[in-house]
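Engineer: Pasting in a structure now, in structure tokens, and then I'll have a few things to ask.
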Amino acid sequence: MICGGIRGRIVLVVTMLLGALCPLWAAHKPPAAKTKTVDAGTFAVLVNGQQIATETFRIEQGASISTLTSEFKAESGQKTVQKAELQITSAGDLQHYEWHELSPDKAQIVVEPSDGIITEHITPAPPAHPLQQPFVLPPSTMVLDDYFFSQREVLLWRYLAQSCTNGKLEGCHPQHLQFGILAPQEHAILMVTLDYAGPETVKIGNNERTLNRFNLQTEQDPPWALYVDMDLKLVRIVIASEKTEIVRQ
């Protein structure tokens, strides 16, 4: 009984101390990392002038990590829903990438860099089994996945950061540059080139706008014309050979 009484008093004291300290711990928790949204919006995908899909995206910049989240939806024919999240360090290196197919099947790809190796962890649609695909690539490798056009905007920003002072076009004449990229859904390494073509007046809907044009060329795809506004935000993509246009809404 004596031991039980002492034990009970000890438990009571510890409980009281924890009750007093918990609010202090809560008050001194490190603040959540601050981020700012540097771009967000929706791209409409049109083929022969008819909208067939959308990509909704948000790019948030933090002190050490920037994150691009995207969702692609296609309603024509079989419904398709895919999501992606790309994390890049302040130095421009790949931190983490995830791709998820939610419809019509369930599948995912997780991309992680480590010691000069970038590994794809692939979970295909059942009944296929998970597998891994390693690539000998530096962490500076950019991800360009199918259907996520906002990732092309991030690649453009890297191109300008490497070509121009402060990443701005004023007084700058960007040169032809080539990048090695990882295409996760294709499980492939590709080379892409970017060139600055200069300002161009284009018609978007019923309005004419003067935008800066860049030409993007990959090894196996037709050339893409990328148009950005004065804030260096992607406004329009034209894939002329496929009669396809991607327009910011």
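None of the figures in this text is laboratory data; all of them are computed from the coordinates on show. Nothing here was measured: the structure is a model prediction, and the numbers come from that model. In this analysis, Cβ positions are derived from the backbone assuming ideal geometry, glycine residues included, and neighbour counts consider all displayed protein chains.
Engineer: Just checking my list (i) 50, 39, 38; (ii) 89, 50, 40; (iii) 58, 32, 29 against Cα extents along the principal axes in Å computed from this structure; which label fits?
Structural biologist: Computing Cα extents along the principal axes in Å and matching it to (i) 50, 39, 38; (ii) 89, 50, 40; (iii) 58, 32, 29 gives (ii).
Engineer: Once you keep just the Cα pairs under 8 angstrom separated by 6 or more residues, what percentage relative contact order results for region 152-229?
Structural biologist: Relative CO of region 152-229 lands at 18 percent.
Engineer: How big is the charge dipole of the chain about its Cα centre, in debye rounded to the nearest 20, if each Lys and Arg gets +1 on its Cβ and each Asp and Glu gets -1 on its Cβ? Please report the intermediate quantities before stating the final value.
Structural biologist: Working: 20 positive and 27 negative charges, 235 e Å.
For this selection, approximately 1120 debye.
Engineer: Taking GluC sites (Glu not before Pro) as candidate sites, keep only those in a DSSP loop with at most 12 other Cβ atoms within 10 Å, then name the longest stretch of the chain containing none of them.
Structural biologist: It works out to 76-169.
Engineer: Follow-up. Sort out the exposed loop trypsin sites (Lys or Arg not before Pro) in the chain (DSSP loop, at most 13 other Cβ within 10 Å) and tell me the longest stretch that has none.
Structural biologist: Looking at the chain, 169-242 is the longest stretch - no exposed trypsin sites (Lys or Arg not before Pro) with at most 13 other Cβ atoms within 10 Å.
Engineer: In addition: Could you pull out which residues in region 118-162 have an amide N less than 13 Å from a spot 7 Å beyond the Cα of I239, following the Cα-Cβ vector?
Structural biologist: Residues passing the 13 Å test: 145-150, 152.
Engineer: Looking at the chain as a GNM with Cα springs under 10 Å, which of L131, L169, L144 has the largest mean-square fluctuation?
Structural biologist: Evaluated over the chain, the most mobile residue of the options is L131.
Engineer: Please work out how much length the chain gains when fully extended from V136 to E60, using 0.36 nm per residue of separation minus the C-alpha to C-alpha distance, in nm with one decimal.
Structural biologist: Between V136 and E60, full extension yields an extra 24.5 nm.
Engineer: A follow-up question, please. Under 8 Å for C-alpha pairs, at least 6 residues apart: give me the relative contact order for the chain, rounded to a whole percent.
Structural biologist: Across the chain, relative contact order equals 12 percent.
Engineer: Right, another one. Of L155, V235, P124, which is farthest along the charge dipole of region 35-248 in the positive direction, counting Lys and Arg as +1 and Asp and Glu as -1 at C-beta?
Structural biologist: V235
Engineer: While we're here: Counting each DSSP H run of 4 or more residues in the chain as -39500 (n - 2.57), what helix-only mean residue ellipticity at 222 nm follows after dividing by all residues, to the nearest 500 deg cm²/dmol? Walk me through the numbers before you get to the answer.
Structural biologist: Details: 2 runs with 40 residues, N = 249.
Rounded to the nearest 500, it is -5500 deg cm²/dmol.
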